[in-house]
């Protein structure tokens, strides 16, 4: 039966390749859409994902790492003495307006880290280093924002909220969900550039002693700071991503286009299998006349559809991996995760099964008596 | 248990189209003994193919009794009919109905696949059958590359695959020229005789009548009482 199923499938290359193309199309679309979505979502939690803190402490109602609310620095004293805490540092994520060389205004994020550890500072330096940011008024900027900032060069000055800032370092690949430029600096420079009130900051970054239970520590911190929100990094990353997903409806948009791709793939595979079945009705009738029962006929169709799905998925995965290698766009990063590839391949298998339903129902209706009618 | 391989009595079948009912078989009764080669003949529309479909458990009679290989089959469900067909019956079709994408060997093997024979064993037995029909050397050939006569012999080998008790042949010479038709019938007859198979052949081809052990004529859906006239080629018609 395997031989019959495969050779019948291979005998009509046009229909076979149409079906395989449908699978490839659906799988590539799912992964590109899914990869772009994941890439975009990871931008929403960029600061959290690239920070080595064990806990994030913020204002009670904070729901996004970029849109922080001020908290009093004095609260740090309530938790510093907890035995599982190695150190606690203030962290600022503020907003400012940069006045550019040409006089144009550009909104920017100002991110300030404690100069001792520079925890949560920039990464991917192509010029300068975290050390260079410790100089007075020093800030970094990213390559992706060159155009927005009117092509500044390292060493040039910038005005932010009426204060002078010196561009001392350049990074590559740091851009957030709403694409406002990030200027990384120290806590004090950030406080000044963002006009943060004295004695306040945006978050506390907590480093735990090695080997401690982070969930237990989070619970202890929550008890000590009932008016603060305490998150582990994965929790805060998810909350930050959910914030944008719920407010922008971006998930619906990506989901709709992915579903459309799946539907097109399903139609192409289903149509190919159906046309193939119609072309071979006499052969299926012969099989039934010879005594094939419904399960044996079903097995033939399933082998054919899963073969199409399997070959299409293999080609699709190779294309996706190649695209993933070649793709570079900080503004629209593509995150192809193994779980995405595996998930989409399983969806393709389901598409293959669904696509075989219609031809199966058609073949089930064949009367084997037709082979005895000349 | 007796020596009758097929025993039918009072078989009736009618086709219903809207309000009109067209009787095709009326009170048909027949017996075919084990190892016998029975020919069913008669003009077009006489009910030959319908009777063959009923004997082949492809159609169910509206009424009547039918026993094949000591099993009452007239009330079988479609699932039971399918199982009975693949285990007990072999078919030779007018247009062969071979699987175009497969080789001669694979066409025979597929009958074994239906009854669950493992691949090695089905390959061995299929090659043996192809050898018996004189086509062992063509086992790997695609059936579309074979002559019509060779295709019919592949169809014969396929019908015999799985060791069925009864072979049902529908106009087995209709798609062949005279010489190829006679050759195919010789092969069918000899094989079935040596393997003690019961054979029912529906045919219009009077040239092969001499190969029958017995001939029944159908007329207007009934078994005609009169004997079939001898043909110029007849040697042993019953």
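Of the peptides A:185-198, B:74-87, the order by per-residue mean of other Cβ atoms within 10 Å, starting with the highest, comes out as A:185-198, B:74-87. Our summary of shape: the Cα atoms of the stretch B:1-142 have principal axis extents of 51, 38, 29 Å, ordered from largest down, in whole angstrom. Just to compare against my own numbers: the Cα pair-distance distribution for the stretch B:6-75, 10 Å bins, whole % per bin, please. Per 10 Å bin, starting at 0, the Cα pair percentages come out as 20, 54, 23, 4, 0.
Note on the stretch B:80-148: Kirkwood hydrodynamic radius from all Cα pairs is 12.7 Å, rounded to one decimal. At q = 0.13 Å⁻¹ the log10 of I(q)/I(0) for the stretch A:55-231 amounts to -0.64, computed by Debye summation with a single uniform scatterer per C-alpha, solvent ignored. The mean count of C-beta atoms from other chains within 10 Å of the C-beta of residues in B:92-104, rounded to a whole number, is 5.
Can you give the Kirkwood hydrodynamic radius for the stretch A:39-127, in Å, rounded to one decimal and based on Cα pairs?
15.2 Å
Computed from Cα atoms, the angle from the helix A:338-355 axis to the main principal axis of chain A rounds to 30 degrees.
Going by average Cβ neighbours within 10 Å, how do the peptides B:214-222, A:74-82 rank, with the highest at the top?
B:214-222, A:74-82
Neighbouring Cβ atoms from other chains, within 10 Å of the Cβ of residues in A:5-17, number 2 on average.
One quarter of the convex hull surface built on the alpha carbon atoms of the protein assembly as shown amounts to 41.1 nm², the projected area averaged over directions.
Per the Kirkwood definition applied to all pairs of different Cα atoms, how many angstroms is the hydrodynamic radius of the stretch A:115-182?
Taking the inverse mean of 1/r over all distinct Cα pairs, the stretch A:115-182 comes out at 12.3 Å.
Going from the fewest other Cβ atoms within 10 Å to the most, the residues A:11, A:140, B:44 appear in the order B:44, A:11, A:140. The order of B:15, A:182, A:360, going from fewest to most other C-beta atoms within 10 Å of their C-beta, is B:15, A:360, A:182.
Give me a single rounded figure for A:150-156: the average over its residues of other chain Cβ atoms within 10 Å of their Cβ. Please report the intermediate quantities before stating the final value.
On the way: counts 0, 0, 0, 0, 0, 0, 0.
Shielding by partners across A:150-156 averages 0.
Counted over all Cα-Cα pairs of the stretch A:174-301, pairs farther apart than 21 Å make up 71 percent.
Compute the distance in nm between two label points, each set 7 Å from the Cα along the Cα-to-Cβ direction, one at residue A:252 and one at residue A:105. Each label point is offset 7 Å from its Cα along the Cβ direction, giving 3.3 nm. Rg/Rh for the stretch B:132-221 stands at 0.97; both radii use Cα atoms, and Rh follows the Kirkwood definition.
Sorted fewest first by neighbouring Cβ atoms within 10 angstrom, A:51, A:298 come out as A:298, A:51. Taking the Cα atoms only, what angle lies between the long axis of helix B:104-114 and the longest principal axis of chain B, rounded to 10 degrees? Roughly 60 degrees between the two axes. Averaging Cα coordinates gives a centre for the stretch A:296-347 and one for the stretch B:145-197; these two points are 48 Å apart. All Cα-Cα distances of the stretch A:1-51, cut into 10 Å bins from zero to the largest, leave 22, 25, 20, 15, 12, 6 percent in each bin in turn.
Can you give the convex hull volume per residue for the Cα atoms of chain B, as a whole number of Å³?
Enclosed volume per residue, from the Cα hull, is 134 Å³.
We did not get these values from a lab; they are worked out from the coordinates using the rules stated. None of these values were measured; they are calculated from a predicted model. Here Cβ is always computed from backbone atoms with ideal geometry, including for glycine, and neighbour counts include all displayed protein chains.
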